[in-house]
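Right, one structure below, let's go through it.
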Amino acid sequence: MKKSVFLLVLIIVMGCKSSTVIINNTDSSQNVIPKPSKGDVIMTSSSKASSNKLATSEELKEIVSFLASDDLKGRDTGSEGIEKAAVYIETIFRKNNIKPYYKTYRDSFNLKGMHAYNIVGFIEGNDETLKNEIVIIGAHYDHIGSAKKVGDDTIANGANDNAAGTSGVLEIAEYFAETRTNKRSILIALFSAEEKGLKGSEHLAKKLKAENIDLYTMLNFEMIGVPFVGRPYDAFLTGYDLSNMSAKINEYTNSNLTGFSEVSKKYDLFTHSDNYAFYKEFKLPCQTFSSCDLSNYDYYHHVDDEADKLDYNHMASLINKVIPAIETICNTPTKEITMNHE
Ligand SMILES: [Zn+2]
């Protein structure tokens with residue numbers, strides 16, 4: 001998210017809620033199935049999502065720990081660090097048999113003489129007709145490289161911003177790559193140069209528009225590393241009033257998974273992350289899913305935005321709750337998520 005907003009948001013002090021134990025929404029008897037061996041598994045209510053393909057706090061921590069390691073030096077666009085991040089993401093795509101959307105996974109673009117690239121994978125839908133419609137799941141994997149020096153440390157590791165969102169998107173990709181339960185096709189996009197002004201997502205959005213894809217909706221994941229306390233939902237959607245996406249996600253998950261953030265509205269966070277590039281091109285519901293509006297995190301664009309600052313049980317809970325919603329978004333016979341008209 002762009003720095004200008006941060007300074008404004010600091011003014012606002014809002015309360016938060018932590019909910020990282022086992023989640024159950026309605027009828028508890030059918031929901032909570034602890035996974036035998038592999039560590040923490042946070043279950044959601046939907047019986048659709050098959051348990052052993054869901055995200056675990058360990059897997060999320062592993063991805064964030066790599067992307068936000070000092071070795072990647074804050075993943076600035078055009079740097080060696082972001083190249084290492086790109087190779088890592090491509091390896092996960094390959095391991096999960098996620099096809100490149102274009103000839104290769106890299107959607108390259110030039111930014112002031114710098115070679116930059118989004119990483120774009122494709123999980124084709126299993127329905128003859130609906131597979132022609134596309135749902136985009138995205139997050140930016142770049143960060144700012146360095147930040148104000150603290151002690152000897154100048155590396156802006158970018159754990160919450162946005163290794164957290166990137167790890168969530170990779171877990172969602174892994175789930176659908178394995179289950180193939182999506183009738184509509186899913187385009188998995190990891191954007192570069194978000195911190196340079198949404199340059200990567202703008203490039204891809206324009207290209208897909210020119211290719212005349214049948215876009216249904218875009219869900220962008222940004223800063224999901226820490227929970228809110230005291231909010232009636234787990235995550236907010238930017239552009240809450242613009243469409244019925246939040247209501248539909250809550251309906252599909254039979255929960256208050258998403259809601260409205262005062263801070264997001266006040267500082268128009270809708271226009272400050274990669275969803276906006278797609279909204280501008282397609283004028284369709286393209287919104288960001290986040291559990292941090294900077295009122296609940298002190299290390300935005302800071303050298304201490306490190307992997308050990310995040311809550312991985314919370315992240316696993318969030319991702320496992322949103323997967324059934326994405327599954328339903330991919331499978332409804334019609335496009336139920338629409339823009340609200342004035
Ligand atoms: Zn960000």
Item to check | Members of the stretch 180-203 that are open to solvent by less than 20 Å² (accessible area, probe 1.4 Å) and more than 16 Å from the ligand (Cβ to nearest atom) | outcome: ASN182, ARG184, SER185, ILE186, LEU187, ILE188
Checklist entry - Which is in contact with a helix residue (DSSP H, G or I) (Cβ under 8 Å, 6 or more places away or on another chain) and either more than 16 Å from the ligand (Cβ to nearest atom) or of a type in the set (A, V, I, L, M, F, W, C) (or both), of ALA147, ALA177, ALA163, ALA156? => result ALA163
Next on the checklist: It is to be established whether one or more residues within the stretch 73-95 are touching a strand residue (DSSP E or B) at 6+ places or on another chain (Cβ under 9 Å), open to solvent by 70 Å² or more (accessible area, probe 1.4 Å) and at pLDDT 95 or above.
Outcome noted: yes
Checklist entry - Do we have any residue at all in the stretch 334-342 that's more than 30 Å from ARG180 (Cα to Cα) and in contact (Cβ under 8 Å) with a residue 60 or more places away in the chain? => result yes
Next on the checklist: If VAL263 meets every condition in (1) at pLDDT 95 or above; (2) out of contact with any strand residue (DSSP E or B) (no Cβ under 6 Å at 6 or more places or on another chain) apart from one, which number is that one?
Outcome noted: (1)
Next on the checklist: Within the stretch 276-293, does at least one residue satisfy the condition of being within 15 Å of the chain's Cα centre (by Cα) and at pLDDT below 95?
Outcome noted: yes
Checklist entry - So, in the stretch 263-274, of the ones that are of a type in the set (Ser, Thr, Tyr) and over 30 Å from ASN212 (Cβ atoms), which residue ends up least open to solvent (accessible area, probe 1.4 Å)? => result SER264
Checklist entry - Here are ASN160, ASN212, ASN182: which of them is under 22 Å from SER261 (Cα atoms) and modelled with pLDDT of 95 or more? => result ASN160
Item to check | Tally, over the stretch 275-313, of residues that are farther than 25 Å from GLY200 by Cα and surrounded by 24 or more Cβ atoms within 10 Å (Cβ to Cβ) | outcome: 2
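Going by the conditions given, is SER255 among the small types (Gly, Ala, Ser), more than 14 Å from the chain's Cα centre (by Cα) and within 16 Å of the ligand (Cβ to nearest atom)? Spell out the reasoning first.
Working: among the small types (Gly, Ala, Ser): yes; more than 14 Å from the chain's Cα centre (by Cα): yes; within 16 Å of the ligand (Cβ to nearest atom): no.
Answer is no for this residue.
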Item to check | Residue ID - surrounded by the most Cβ atoms within 10 Å (Cβ to Cβ), chosen from residues in the stretch 135-144 that are more than 8 Å from the ligand (Cβ to nearest atom) and within 15 Å of GLY74 (Cβ to Cβ) | outcome: ASP142
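Quick one: which of PHE221, PHE236, PHE260 is open to solvent by 10 Å² or more (accessible area, probe 1.4 Å) and of a type in the set (Phe, Trp, Tyr)?
Numbers: PHE221 fails: open to solvent by 10 Å² or more (accessible area, probe 1.4 Å); PHE236 fails: open to solvent by 10 Å² or more (accessible area, probe 1.4 Å).
None of the other options fit; the residue is PHE260.
From GLU178, GLU195, which residue is in contact with a His (Cβ under 8 Å, 6 or more places away or on another chain), farther than 17 Å from PHE278 by Cβ, in contact (Cβ under 8 Å) with a residue 24 or more places away in the chain and of a type outside the set (Lys, Arg)?
Working: GLU178 fails: in contact with a His (Cβ under 8 Å, 6 or more places away or on another chain).
That would be GLU195, the only listed residue that is in contact with a His (Cβ under 8 Å, 6 or more places away or on another chain), farther than 17 Å from PHE278 by Cβ, in contact (Cβ under 8 Å) with a residue 24 or more places away in the chain and of a type outside the set (Lys, Arg).
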Checklist outcome for this item: Listed by first then second residue, the pairs whose first member lies in the stretch 202-218 and is under 18 Å from THR288 (Cα atoms), whose partner is of a type in the set (Asp, Glu), with beta carbons under 6 Å and at least 6 positions apart or on separate chains, are LEU204/ASP107; ALA205/GLU281; TYR216/GLU133
Checklist entry - Residues ASP305, ASP298, ASP293: which one is of a type in the set (D, E, K, R), touching an Asp or Glu at 6+ places or on another chain (Cβ under 7 Å) and outside any helix (DSSP H, G or I)? => result ASP305
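The values are calculated or read from the model by the stated rules, or taken from the named source; none is laboratory data. Everything numeric here is computed off the predicted structure, so don't read it as measured data. Glycine also receives a Cβ, built like all others from the backbone with ideal geometry; neighbour counts cover every protein chain displayed. We work out accessible area using only protein heavy atoms, side chains counted, and drop any ligands, DNA or RNA first. Shrake-Rupley method; radii C 1.70, N 1.55, O 1.52, S 1.80 Å.
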